[in-house]
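Report on the following structure.
Just so it is clear, none of the values below were taken in a lab; they were calculated from the coordinates. Remember, it's a predicted structure, so these values are computed and weren't measured experimentally. When we count neighbours, we look across all protein chains shown, and the Cβ atoms used for this are built from the backbone with ideal geometry, even at glycine.
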Amino acid sequence: MQAFLKPRLDGERIALAVLVVFIFLVSVLPVARLVLEAFAPGGDLDLSNLSSVLSAGSTWRATWHSLVTSIFGTAISLALGTAFALAVALTDIRAKAALVFAFLLPLMIPPQVTALSWAQLAGPSSPLLITLGVAPPLGAPNPFYSAQGIILLLGIQHAPLVFLAVRAGLRGLPREMIEAARACGAGRFFVLRTVILPMMTPALVAGAALAFVSAIGNFGIPALLGIPAGYTVLPTLIYQRLASFGPSIISDVAVLSIIVGALACLGFAAQALFIGRRDFRTVGAPSEALRYRLGKARPAVEIGAWGIIVLILVVPLLALLATSLVSAYGVPLSEKTMTLGNYAEVLFRQDATVRAFRNSFFLAAGASLLLMLLAVPFAALIVWRGGRLLKSLAMLAEVPYALPGIVLGIAAILIFIRPLPILGISLYNTIWIIFFAYLARFLTLSLRPVVGAVQQLDRGLDEAARMTGAGYLFRLRTVLFPLLAPAAAAGAVLTFMTSFNELTVSALLWSAGNETLGVVVFNLDDGGYTVLASAVAVVTVVAIVAIMGATAMLARRLPRGVLPWAD
């Protein structure tokens, strides 16, 4: 019997060993290297860099700006995301699937594209406003190049995170307390205020924490809107320091990165502290979701919901499209000025943009495929084998995604700025350093859907294959992968969409010849080639909508909740 089980144990041990090494490389090593560089550059304890960075006025000014924009942006996200979650989960409004799809789209659109589209919506040079005859006079400032503009866009970008958290909480809401309150004659708003929202406190706090941490680490919006206005937050300060001084200042930016990471951890710590002080357990099992009948108010609610979608999504994208179709920025859109030349330029003629499309596809597809292959055995071990080691590995896998991308980028530079031991190969200034960062950052996106699918999977088929003598790798190939393929593919789609237009990590890691789409959009706009940047941005939005639409049509074959826009 022991000889019969040996292949199984050896196969699982090999898989576990591979996972331990992988998690160490992508989660433990980057954080450890960052801390070492901040407190002991060169290997010896030296707090002079830490002292100089902490005593600089620019550090605290950027920290204050990061807190202000993140806190107020989170407030907007909380209000907007909660309102939409309540409308979708608790009322009988129509076309919910389309409304959810549209509301989640800003989360899928890269932040630099969001910032670019809103920037084209205002100011005296906006082709859309000039065409409509409502452009402000020449010399008038663009209102979105300001702290207020950054706050508004951070709020819109991360409102879907609050929506997803609150909607999930509402779906698990026991109906007994609500029905008891309604039976006593309580009105809808009284029940909402005294029963539903208090029970949704954990979901609201979780959504707010996610929005806050995402805002702290957001680079694209503060970069495109804040740098022209001289409004610096911590991620843009790190970028400007590194762009100006290069690797010679790496110890200083390591300290700044730790400050960013500390602020992100502060958001999660506040969540744990707030939830830990109170007991939010409820009695009763979740049942069929509530449906408040809006009656005569339903058309007004639907018009309001779709009106918000038009304002936060459709109108900015129309401004972006108008800019991409004119021959020069500041020209009105008409039959004489309309051209597709910008698209031909960025898709076929510009070497940098063509290369960026190729690089982004290679990085996104490669990371998605490799992480999908790792996610299946990792998820099966976590759910079926358990144990402290695997639980610890699962928690460590979340770290690179929870940390702001700018922090991960600095950590990757620190790891690979010198040639690799033994091999003598340097990944710095190559496309492979970006690939490593993508593997680290998006592991959890690929893993979560598969873990959920394994939890719903009957282990009987795997046990039957094992009892017939099938080895671990054979069972992976013939049993687990076929059964978990839909969830693994959904995780790969999420990873591909997120990494295809990523900017925060690659902004620090790209080099000549290794540009990504996010970097190209940022560089084109920064260099004054606004119409070309808009054309690239429109192409990326079309690709995102196409992928989301295609996967939504296949959602019935996937476990519920794997694709949030199709649930």
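I want to check the label-to-label distance for Val542 and Ala512. Put each point 7 Å from Cα in the C-beta direction and report it in nm to one decimal.
3.2
Give the label of the value calculated from the structure for semi-axes √(5λ) of the Cα gyration tensor in Å, choosing from (1) 41, 30, 22; (2) 37, 34, 25; (3) 49, 31, 22.
Recomputing semi-axes √(5λ) of the Cα gyration tensor in Å here gives the entry labelled (2).
Counting only C-alpha contacts under 8 Å and six or more residues apart, can you give the relative contact order of the stretch 488-536 as a whole percent?
Numbers: 28 pairs, mean separation 12.7, N = 49.
Contact order relative to length: 26 percent.
Taking the Cα centroid of the stretch 422-463 and of the stretch 129-146, what is the distance between the two, rounded to the nearest whole Å?
45
Would you please put 148-155, 236-243 in order of how densely packed they are, using the mean number of other Cβ atoms within 10 angstrom per residue and starting with the highest?
On the way: 148-155: 24.1, 236-243: 20.5.
Final packing ranking: 148-155, 236-243.
For the pair Ile14 and Trp60, how long in nm is the line joining their label points, each one 7 Å along Cα→Cβ?
5.8
For Cα pairs less than 8 Å apart in space and 6+ apart in sequence, what is the mean separation divided by the residue count of the chain, i.e. the relative contact order in percent?
Relative contact order of the chain: 22 percent.
In the chain, once you exclude exposed GluC sites (Glu not before Pro) (DSSP loop, at most 12 other Cβ within 10 angstrom), what's the longest stretch remaining?
Details: sites that count: Glu288, Glu335.
It runs 1-287.
With θ taken as phi - 60° and the coefficients 6.51, -1.76 and 1.60, list the Karplus ³J(HN,Hα) couplings across the stretch 375-388 in order, rounded to whole Hz; mark glycine and proline as x.
Per-residue couplings from phi come out as 5, 5, x, 4, 5, 5, 5, 4, 7, 8, 8, x, x, 5 Hz.
Given the Cα-Cα distance of Arg171 and Asp351 and 0.36 nm per residue of separation, how much length would full extension add, in nm?
Going from the current span to full extension adds 59.9 nm.
Normalising by the residue count of the stretch 59-281, find the relative contact order in percent from Cα pairs under 8 Å and 6+ residues apart. Please list the in-between numbers first.
Numbers: 269 pairs, mean separation 67.6, N = 223.
It comes to 30 percent, rounded to a whole number.
Provide Ser534, Ser77, Ser146 in ascending order of the number of other Cβ atoms located within 10 Å of each residue's Cβ, fewest first.
Ascending number of Cβ neighbours within 10 Å: Ser146, Ser77, Ser534.
For the stretch 310-377 and the stretch 488-533, what is the centre-to-centre distance using only Cα atoms, to the nearest Å?
Using only Cα atoms to place each centre, the spacing works out to 10 Å.
Per residue of the chain, what 222 nm ellipticity follows from adding -39500 (n - 2.57) for every DSSP H run with n ≥ 4, rounded to the nearest 500?
On the way: 27 runs with 382 residues, N = 567.
That comes out to -22000 deg cm²/dmol.
Just to verify a number: FRET efficiency for Leu47 and Glu398, C-beta to C-beta distance, R0 = 35 Å, to 0.05? Walk me through the numbers before you get to the answer.
On the way: r = 30 Å, r/R0 = 0.86.
Once rounded, the FRET efficiency stands at 0.70.
Across 10 Å bins from the origin, how do the percents of Cα pairs in the stretch 59-281 run, short distances first?
8, 27, 29, 21, 11, 4, 0
Whose amide H sits under 5 Å from the amide H of Thr91, counting only residues 5 or more places off or on another chain, with H placed in the peptide plane?
The answer is Tyr292.
Neighbouring Cβ atoms within 10 Å as the yardstick, rank Lys391, Lys96 fewest first. Could you put the intermediate results ahead of the total?
Numbers: Lys391 11, Lys96 14.
Fewest-to-most ranking of Lys391, Lys96: Lys391, Lys96.
Take the Cα atoms of the stretch 392-439, find their three principal axes, and give me the spread along each one in whole Å, biggest first.
32, 22, 15
Could you list Val326, Val53 so that the one with the fewest beta carbons within 10 Å of its beta carbon is first and the one with the most is last? Numbers along the way, then the final one.
Details: Val326 24, Val53 21.
Exposure proxy ranking, most exposed first: Val53, Val326.
Multiply the residue gap between Leu420 and Phe361 by 0.36 nm, knock off their C-alpha separation, and tell me the result in nm, one decimal place. Before the final figure, lay out each step's value.
Values: separation 59, 0.36 × 59 = 21.24 nm, distance 2.63 nm.
Computed gain between Leu420 and Phe361 is 18.6 nm.
Once R0 is set to 60 Å, what does the formula 1/(1 + (r/R0)^6) return for the Cβ-Cβ distance between Lys391 and Leu340, expressed as a FRET efficiency to the nearest 0.05? Walk me through the intermediate numbers first.
Numbers: r = 54 Å, r/R0 = 0.90.
Plugging the Cβ-Cβ distance into 1/(1 + (r/R0)^6) gives 0.65.
Could you give the length gained on full extension between Ala40 and Leu554, defined as 0.36 nm per residue of separation minus the Cα-Cα distance, in nm?
Gain in length upon complete extension: 179.9 nm.
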